[in-house]
Amino acid sequence: MLKGKAFKFGDNISTDHIIPGRFAYLRSNLPELAKHVMEDADPDFAGKVSKGDFIVGGGNFGLGSSREHAPLVIKMAGVSAILAKSVARIFFRNAINLGLPVLICDTDGINDGDELEVDLAGGTVYDKTSGEKLTFSRLPEVMLDILDEGGLVPYIQKYGDFKL
Amino acid sequence: MGKTLAEKILSLKSGGDARAGDIVIVRVDLAFAQDTTGPLTIRQFQAGNFKGLANPGKTALFFDHAAPSPNRELANDHQFMRRFAGETGCLIYDIGSGVCHQLVAESLARPGDVIVGADSHTVTAGALGAFATGMGSSDVAVVFALGKTWFRVPESIKILISGSFGPGVMAKDLVLNLIGNIGADGATYKALEFGGEGLKSLKVPDRLTVANMAVEAGAKAGLFPADRVTKEYLSRQKRSEDFRPLAADIDASYEKTVNINLTALEPTVAQPHQVENTALARELKGTKIQQVFIGTCTNGRLEDIAAAAKIMKGRKRYPRTRLIIAPASAQILLDAIGAGYIQTLVEAGAIIMPPGCAACLGLHQGVLAGGEACLSTANRNFKGRMGSPQAFIYLGSPATAAATALTGEITDPREVL
């Protein structure tokens with residue numbers, strides 16, 4: 001069971017909101033890069049987020065660049081999962097490849113600051129603040145397996161190949 | 001039931017009957033990374049303790065996003081990538097070669113190929129009939145090692161093109177209209193497949209512009225058939241042997257069809273801070289612009305520079321509007337010099353950048369200050385992309401960009417033709 005606070009964002013949060021291209025010079029210095037996580041969406045986010053918290057987006061979360069640094073700095077901030085109504089495909093795959101769960105559900109009823117409990121195996125989100133219970137769609141098997149191993153590279157190290 | 005282009009290519013490369021919704025493992029014909037995603041790709045490759053590259057000749061590193069390196073951090077990244085290329089024997093396209101997607105189109109992509117790149121605009125090669133898509137560093141690192149990857153076969157949306165462009169209207173206007181119509185998530189997880197009698201008037205450079213921005217509608221791929229236009233392009237690039245005809249089956253199944261009549265299109269602009277936020281250029285007259293940028297994998301080709309030169313010839317840019325031009329490849333730069341376009345543009349007050357991504361992503365060569373507005377021919381106008389998060393980015397065609405450089409405000413190019 002994952003437990004934490006919701007940080008709510010709107011629709012179309014791009015990879016430039018998450019970690020802008022102008023910080024590309026810090027991409028080989030991840031601790032410095034991570035200080036800028038979500039900076040262009042909420043300049044104070046890095047200082048407020050605690051281990052286990054959730055990023056809750058609207059539609060089309062993570063659109064834009066293929067930069068894997070976007071889910072990477074979110075993971076480094078301690079975020080335990082991303083919840084959104086829909087997620088751009090490269091970002092989706094990148095997050096799973098880093099072992100960061102992305103859950104597709106109707107996030108309209110979740111407010112900023114709500115306390116959430118996520119049951120990954122059961123497929124449910126419980127909003128303790130509002131009392132609302134949500135279900136999220138199941139990931140394809142291959143993505144669940146990658147998530148189970150903590151990411152794509154550990155998955156390939158274990159199996160030596162894709163197993164379908 | 002017949003197959004879409006995506007289903008055809010993924011069937012061929014997976015050795016099975018790939019249908020929309022299936023999950024398949026495919027052989028990859030080309031895998032690459034660029035200088036802002038390459039270092040993490042290499043580190044993931046190293047983290048996996050992989051023995052070596054599956055196909056060094058089908059693996060490439062491009063130096064384009066920060067080229068030449070603007071600071072020591074990125075210089076170190078470049079050095080790290082050059083060392084990896086030296087150790088593994090992969091292809092290397094160092095600074096000054098051009099933007100990865102343009103070089104892939106000029107030299108590497110073939111109809112029917114599967115191409116993956118650690119860059120979202122890898123979709124560009126769909127213009128030549130390749131199933132090309134952007135991925136992150138982990139995915140590309142695994143392709144470097146194994147020569148294959150997994151895909152969910154996408155559903156396809158058919159874009160049926162008719163007519164031909166009127167004066168001052170370009171491929172950029174077509175794709176901005178399309179994204180304005182279907183939205184920034186209108187094709188998420190899906191392939192856009194272009195067809196119709198209007199395709200014959202869309203040359204490969206036009207198709208590259210359109211396929212490039214498929215990802216701005218969320219698409220996994222933007223696919224054109226490989227036809228006579230493709231054959232002519234490959235022959236001009238001295239790659240006739242790389243051509244093979246490729247078309248969707250007549251009874252293929254599409255999620256929906258969107259009709260676009262090129263004749264009815266007008267110069268179009270995407271307003272800050274979303275690509276789907278489109279308006280007609282003439283509706284934005286009076287919007288002051290401090291910087292015009294013509295270049296990138298979307299619109300840095302010879303035809304784009306020619307369109308700008310034609311408008312600027314014998315004229316000067318508006319004094320308080322900077323005009324930055326970056327050819328998308330060394331071949332384009334040479335051709336633009338040969339045709340006299342560079343001379344015309346410099347005489348008009350333009351600044352010429354080396355082949356590469358230049359100002360597109362806020363790293364160098366035209367970073368915006370707070371409160372400034374830029375009319376760019378690139379593919380993205382997200383907040384903060386070109387520098388200050390307080391800057392404003394408008395996207396338009398090279399013709400709209402040149403017209404805007406003349407007047408200092410967003411201008412419909414038909415006013416100055």
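The values are calculated or read from the model by the stated rules, or taken from the named source; none is laboratory data. A quick note: this is a predicted structure, and the numbers were derived from the prediction, not measured. Here Cβ is always computed from backbone atoms with ideal geometry, including for glycine, and neighbour counts include all displayed protein chains.
Of note:
- Screening the candidates B:K172, B:K200 for the property of being within 19 Å of the chain's Cα centre (by Cα) and part of a helix (DSSP H, G or I) yields one hit, B:K172.
- Listed by first and then second residue, the pairs with beta-carbon distance under 8 Å, at least 6 apart or on different chains, first residue in region B:363-376 and of a type in the set (D, E) and at pLDDT 95 or above, second crowded, with 23+ Cβ neighbours inside 10 Å and part of a loop (DSSP other than H, G, I, E, B), are B:E372/B:A391.
- Within region A:112-132, considering residues that are farther than 21 Å from A:K51 by Cβ and among the polar types (S, T, N, Q), the one surrounded by the fewest Cβ atoms within 10 Å (Cβ to Cβ): A:S130
- Residues (surrounded by fewer than 24 Cβ atoms within 10 Å (Cβ to Cβ) and more than 9 Å from every other protein chain (Cβ to nearest Cβ)) located in region B:122-150: B:G147
- Selection status of B:A308, among the small types (G, A, S), in a strand (DSSP E or B) and in the same structural domain as B:A358 (by TED's automatic domain parsing): no
- The combined condition, being touching a residue at least 12 places away in the same chain (Cβ under 8 Å) and either within 14 Å of another protein chain (Cβ to nearest Cβ) or not in a loop (DSSP other than H, G, I, E, B) (or both), is fulfilled by B:R385.
- Checked against the criterion of being facing chain B (nearest Cβ under 8 Å), touching a residue at least 40 places away in the same chain (Cβ under 8 Å) and farther than 28 Å from B:E73 by Cα, region A:27-45 contains not a single residue that satisfies it.
- Selected residue [modelled with pLDDT of 95 or more, part of a loop (DSSP other than H, G, I, E, B) and more than 23 Å from the chain's Cα centre (by Cα)] from B:A67, B:A20, B:A85: B:A20
- Here B:L40 does not fit the description of being outside any helix (DSSP H, G or I) and buried (at least 24 other Cβ atoms within 10 Å of the Cβ).
- Residue in region A:133-152 that is of a type in the set (S, T, Y) and surrounded by fewer than 18 Cβ atoms within 10 Å (Cβ to Cβ) present: yes
- Verdict on B:R110 being among the charged types (D, E, K, R) and either buried (at least 24 other Cβ atoms within 10 Å of the Cβ) or in a helix (DSSP H, G or I) (or both): no
- Any hit, region B:101-124, residues being assigned by TED's automatic domain parsing to the domain that holds B:G38, β-branched (V, I, T) and farther than 30 Å from B:A252 by Cβ: no
- Of all the residues in region B:185-208, those that are surrounded by fewer than 24 Cβ atoms within 10 Å (Cβ to Cβ) and of a type in the set (A, V, I, L, M, F, W, C) number 3.
- Lone qualifier among B:V275, B:V269, B:V229, B:V258 - being among the β-branched types (V, I, T) and part of a helix (DSSP H, G or I): B:V229
- Candidates are the residues of region B:150-169 that are over 28 Å from B:I311 (Cβ atoms) and not in a strand (DSSP E or B); the one that is nearest to the chain's Cα centre (by Cα) is B:P154.
- Condition met for B:V28 (among the hydrophobic types (A, V, I, L, M, F, W, C), in contact with a strand residue (DSSP E or B) (Cβ under 7 Å, 6 or more places away or on another chain), away from chain A (no Cβ under 11 Å) and closer than 30 Å to A:P140 by Cβ): yes
- When B:A214, B:A248 are checked against the criterion of being buried (at least 20 other Cβ atoms within 10 Å of the Cβ), in a loop (DSSP other than H, G, I, E, B) and either at pLDDT 95 or above or among the aliphatic types (A, V, I, L, M) (or both), a single residue qualifies: B:A248.
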